[in-house]
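Trainee: Here it is: the structure, laid out below.
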Amino acid sequence: MKKYKKLIGYSLFFVAVCIVFWILLFAGTDNWKTKLPTLSTVQPFSFTNQNGQPFTKDDMRGKVCVVNYFFTTCKGICPKMNHNMDDIYNTFKDEKDFMIISHTCMPEVDSVPVLKHYADSIGVNDRKWVFLTGRKDSLYYQARNSYLVDDNKNPVNSIEDQFIHTQFFALIDKDGNVRGEIFDGLQQKDLNKLKEDIKILLKERPGGRSNFSNNIFGNNM
């Protein structure tokens, strides 16, 4: 009987040691949390914001970002889409690690002063909601290959003949990865899901998605 009790005691001790080991292993990381899938990685870019300042991928580092495309003279889906984006903005504008990035899909119309006027008209913090313009081919490349908000099979031969008119939002984590899913900015169920996913990513630490990021089992290669 004593041997049986001793065996149980050793077994419980072993289980306790294993639990403590795994807590220490994953402490300070996000490896134990529910993961949102990674869809793509944001490619390097250089655009200009509504204040005439350069804006690159480095300005997104450490931020959870929601990305979309629109144009200021749109009378179709853009007003509704940006109204919904405004709700996202008001929900998370006080989060220091949150940002919205809206790209124009008509840079020939949406110059820096035009984007500045538009941003001022809706009364947003220019460090929290950024409006970008730049070369059309670069803007469209990012939409299709980084953010996946437009089918990369859509382009025709001439960039002048191309036009992106999409209601989709992309969600970017603090490490520059597109996460979760591509959200329909006109569908309330997608917007609700987007808010929940933003909350998840805000709790992640930069680099926290890498396996064994505390280097217990990592290598330096």
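Trainee: What pairs can you find where one residue is in region 62-90 and more than 19 Å from residue 110 (Cα to Cα) and of a type in the set (A, V, I, L, M), the other is assigned to a loop (DSSP other than H, G, I, E, B) and open to solvent by 50 Å² or more (accessible area, probe 1.4 Å), and their Cβ atoms are less than 7 Å apart, with a gap of 6+ or different chains?
Mentor: Cβ pairs passing all conditions: none.
Trainee: Which count do you get for residues in region 191-220 that are at pLDDT below 95, open to solvent by 80 Å² or more (accessible area, probe 1.4 Å) and not basic (Lys, Arg)?
Mentor: Adding up the residues that qualify gives 7.
Trainee: Among the residues of region 104-113, which ones are open to solvent by less than 50 Å² (accessible area, probe 1.4 Å) and assigned to a helix (DSSP H, G or I)?
Mentor: 112, the sole residue that qualifies.
Trainee: Now for a different question. When you go through 31, 49 one by one, which is the residue that is modelled with pLDDT under 95, surrounded by 11 or more Cβ atoms within 10 Å (Cβ to Cβ) and in contact with a Leu (Cβ under 9 Å, 6 or more places away or on another chain)?
Mentor: Just a single option satisfies the conditions, and that option is 31.
Trainee: For region 114-129, give me each residue that is among the hydroxyl-bearing types (Ser, Thr, Tyr) and either more than 19 Å from residue 87 (Cβ to Cβ) or open to solvent by 60 Å² or more (accessible area, probe 1.4 Å) (or both).
Mentor: 121
The values are calculated or read from the model by the stated rules, or taken from the named source; none is laboratory data. Everything numeric in this text was worked out from a predicted model, so none of it was measured. We place every Cβ from the backbone using ideal geometry, glycine too, and count neighbours over all the protein chains shown. Please note that ligands, DNA and RNA were not included when accessible areas were found on the heavy atoms of the full protein model with its side chains. Shrake-Rupley method; radii C 1.70, N 1.55, O 1.52, S 1.80 Å.
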